[in-house]
Amino acid sequence: MKMKSISSRTGLIVLILLPAFRFIDAQTAPRDSTQSIIMRSYTPPLGAQLIRPSQTEYRLWQGFMLVRSANDGDPAAEHELGLRYFLGDGFPQDTALAAYWIGKAAEQKMPIAEYNYGVFLNNGWGVKWNPFKAFEEFKEAADNHLPEAELALGLMYTDNLVVQRDWAEAYKLVKASAETKYSPAVKILSEFVRRGIGPGTDSNSNAKAEEKSISSEGAGSFQPVFLNFGADTVTQVNDSTILEEAYRNGGAILQSALPKRESNTFRTTRDPNSIRLLKKAANLGDPEALTVLGRCYEKGSGVRVDPILAAEQYLRAARLDSRQALVLLLDLARNKTFNQKLESRTKAGSSDAAYVWAGLTELGFDQRLDSSQAIELLKAAAAHGNIPALLELGRCYYTGQLTATDTALGRQCWLQAAEEGSVEAKVRLAAAAVLGDSPTAERAGEASTSHALADTIKILTSASHDGSVIAQLALAYCFEYGIGLAKDTPEAVKIYRITADHGSRAAYEGLRVMYNRIRPSEVQFQIKTVNN
């Protein structure tokens, strides 16, 4: 056993030293090395092989060299080290260190680092949220023709939050990015063209940007979307646009109710389970679900044709800022036969028809009644336990529309609707409990002593995931001010943006307040006009 061990060790030494030996004695070594005395007389032991460093040792060495180069100020190493920390690749995942090292590389004007650092700033990853500094980083990278940065910068010129809206500049930047075949930019450029946005578009114009947003889906982790909240409305709504909006913005319940994405039209018959899920999502207050359900009633897809019930869904979705639903509702209101049916069914005692007629009157779509008659119709429908009417009457009491403000009566309406099975009513009550009537600072102080608040947050979190716009707004507010949750500005911005992408003006206003709170004094960041 001892002799075998010595033999193996000797063979290993020979294998290691052989290259050096041959190099040193290259001039005297025989031309045919197989004839050398060493090679002829040595037989390697069975299974002997060169020793290589383990993968772990190699990665440790690589990491050591990377850190050394980064500490020496090499921007490529700084950027790579930041990415490694962000991804947890060979280093413990640490977003703060990732932001630090990528920021160091950005300071040295490395374009890709400038873009990535802009992403960190814009999302508040490991660094204080600062979309204005992100704008500057994107601009530096865009000046070096980085397509991702050109797209990011172009989108920032559309939402009137960081800088003054400038359609022409936005088009120029997105077009430059698209010309490199960067697919997210190609998609958004085609949408610009469809909406009439071009190099000569007036910055004060809505430029036919009729839909509420263009998503930056696919553009890495850069979150801003093209948000437009002008007085314009959707000029064309069809089955395809309704479904596309539902696929893009609908909550978890709606997604499970939808047919396969390849389907661009409503099927003449729908699976009963899909209709059940669709109604469940609508009951929650998902505006996309309400719009899809309204279309089903309008076309008889899986349910009986009923224009009044279609209008009811559209009206509820419009109250949640769905522009598509508003257009579809207006199309119905312009139909003479629909108006006749609405009046006859209201007189026959239909609470659904009464709710719709009151809503059309308040919106100005129907001039046959005045506001006092509209509120009486709404009260009559609510008295019959009509859930949409109870929700709407509660909203009127809370906001003082059509009637005097009375939050106690509003809460009573929502409590009754909740007892009738309305999930949206439960969400509205939870949101009211969070927002309250007292100043924000006091609400934040109350959060630590309120045991009930924890349950309220659970309701809002679950409903937000399932597609409730109201829950999303309330949850964003909680993150913004630290009510029942740890204060988290980036998370608040993220939720507000998701909700604004639904079309929520309240979410857009929430964003505007947050941006204005930290707006720098530089001229380039001053916004002269803000959409109302």
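The values are calculated or read from the model by the stated rules, or taken from the named source; none is laboratory data. Just so you know, these numbers come straight off a predicted model, no measurement behind them. A quick note on method: Cβ atoms are made from the backbone with ideal geometry, for glycine too, and the neighbour counts reach across all protein chains shown.
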Residue ID - farthest from Ala77 (Cα to Cα), chosen from residues in segment 91-110 that are touching a Pro at 6+ places or on another chain (Cβ under 9 Å) and assigned to a helix (DSSP H, G or I): Glu107
Listing of helices (runs of 4 or more DSSP H) fully contained in segment 466-532 that carry 2 or more residues being surrounded by fewer than 16 Cβ atoms within 10 Å (Cβ to Cβ): 505-517
Pairs where the first residue, in segment 325-336, is free of Cβ contacts under 8 Å to residues at least 24 places away in the same chain and the second is surrounded by 14 or more Cβ atoms within 10 Å (Cβ to Cβ) and charged (D, E, K, R), C-beta under 6 Å, 6+ apart: none
3 or more residues modelled with pLDDT of 95 or more and within 22 Å of Pro307 (Cα to Cα): qualifying helices (runs of 4 or more DSSP H) within segment 332-428: 336-347, 351-363, 371-383, 387-399
Count - residues of segment 283-316 that are surrounded by 23 or more Cβ atoms within 10 Å (Cβ to Cβ) and of a type in the set (A, V, I, L, M): 8
Residue satisfying condition, being touching a Pro at 6+ places or on another chain (Cβ under 8 Å) and on the phi > 0 side of the Ramachandran plot, within set Gly88, Gly124: Gly124
Residues of segment 230-269 that turn out to be of a type in the set (D, E, K, R), in a loop (DSSP other than H, G, I, E, B) and modelled with pLDDT of 70 or more, as a count: 1
Residues of segment 148-195 that turn out to be more than 20 Å from Glu114 (Cα to Cα) and not in a helix (DSSP H, G or I), as a count: 10
Ala404 without any contact (Cβ under 8 Å) to a residue 24 or more places away in the chain, among the aliphatic types (A, V, I, L, M) and in contact with a Phe, Trp or Tyr (Cβ under 9 Å, 6 or more places away or on another chain): yes
In segment 111-133, the residues that are in a helix (DSSP H, G or I) and over 18 Å from the mean Cα position of the chain (by Cα): Pro111, Ile112, Ala113, Glu114, Tyr115, Asn116, Tyr117, Phe132, Lys133
Residue check, Leu315 under 22 Å from His465 (Cβ atoms), at pLDDT 95 or above and in a helix (DSSP H, G or I): no
Checking Gly421 against (1) surrounded by fewer than 17 Cβ atoms within 10 Å (Cβ to Cβ); (2) more than 34 Å from the chain's Cα centre (by Cα); (3) of a type in the set (Gly, Ala, Ser), the condition it does not meet: (2)
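So that you can scan it fast, the table gives a plain yes or no per residue for (1) surrounded by fewer than 23 Cβ atoms within 10 Å (Cβ to Cβ); (2) over 21 Å from Ala474 (Cα atoms); (3) more than 28 Å from the chain's Cα centre (by Cα); (4) not basic (Lys, Arg):
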| residue | (1), (2), (3), (4) |
| --- | --- |
| Glu376 | yes, yes, yes, yes |
| Ala381 | no, yes, yes, yes |
| Ala389 | no, yes, yes, yes |
| Ala417 | no, no, yes, yes |
| Ala430 | no, no, no, yes |
| Leu435 | yes, no, no, yes |
Residues satisfying the stated conditions in segment 169-192, i.e. closer than 13 Å to Leu153 by Cα and hydroxyl-bearing (Ser, Thr, Tyr): Tyr171, Ser177
